[in-house]
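The values are calculated or read from the model by the stated rules, or taken from the named source; none is laboratory data. All values derive from a computational prediction rather than experimental measurement. Heads up, the Cβs are rebuilt from the backbone with ideal geometry, glycines too, and the neighbour counts pull from every protein chain shown.
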Amino acid sequence: MNIHQRKLKIPTPKKLPWSEEKLPYYFIGDGAHLLREYLMKPMRGQRLTTQESNYNYRLSRARCVVENSFGRISKKWEVLQKTIQQKPENVEKVMKGICILHNILIDKNDKTLINDVKYVNEQEVQEDKQQ
């Protein structure tokens, strides 16, 4: 998997607006994931300190934001409701394009759901060419 082989193009550490310290990017996981240096997952146990409980709460809130964002974007873009049958490099381009278009719609304050956006796979293109 690219994440474990460090092949993902993760941005370099950045300063947060209120800090001079550069902090790395992390992935958020659940308790089922193995602990890795780039993965934040909840603390386990029944006797957590206040600090650990606060960490779990904030991590849970962050995870909800991410899951809600994915839910909103996949509801709007039908292509994301099933496996994208493309080469990985093309999937990356599709995802970037969807994110850009999605953000443009948000910036334009578009309240509509774009249900008519369809994904056309290569087989459908070839079939249309033959007709």
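Miscellaneous remarks
- When 71, 29 are checked against the criterion of being within 30 Å of residue 102 (Cα to Cα), out of contact with any helix residue (DSSP H, G or I) (no Cβ under 7 Å at 6 or more places or on another chain), at pLDDT 85 or above and surrounded by 13 or more Cβ atoms within 10 Å (Cβ to Cβ), 29 stands alone in meeting it.
- Qualifying residue in region 60-77 (condition: closer than 24 Å to residue 10 by Cβ and not in a helix (DSSP H, G or I)): yes
- Checklist (1) out of contact with any His (no Cβ under 8 Å at 6 or more places or on another chain); (2) in contact (Cβ under 8 Å) with a residue 24 or more places away in the chain applied to residue 36, failing item: (1)
- Taking the listed residues 16, 59, 23, the one that is over 24 Å from residue 92 (Cα atoms), in contact with a strand residue (DSSP E or B) (Cβ under 8 Å, 6 or more places away or on another chain), modelled with pLDDT under 90 and not charged (D, E, K, R) is 16, with no other qualifying.
- Scanning region 86-131 for residues that are closer than 24 Å to residue 69 by Cα, among the basic types (Lys, Arg) and modelled with pLDDT under 85 turns up 108, 111, 118.
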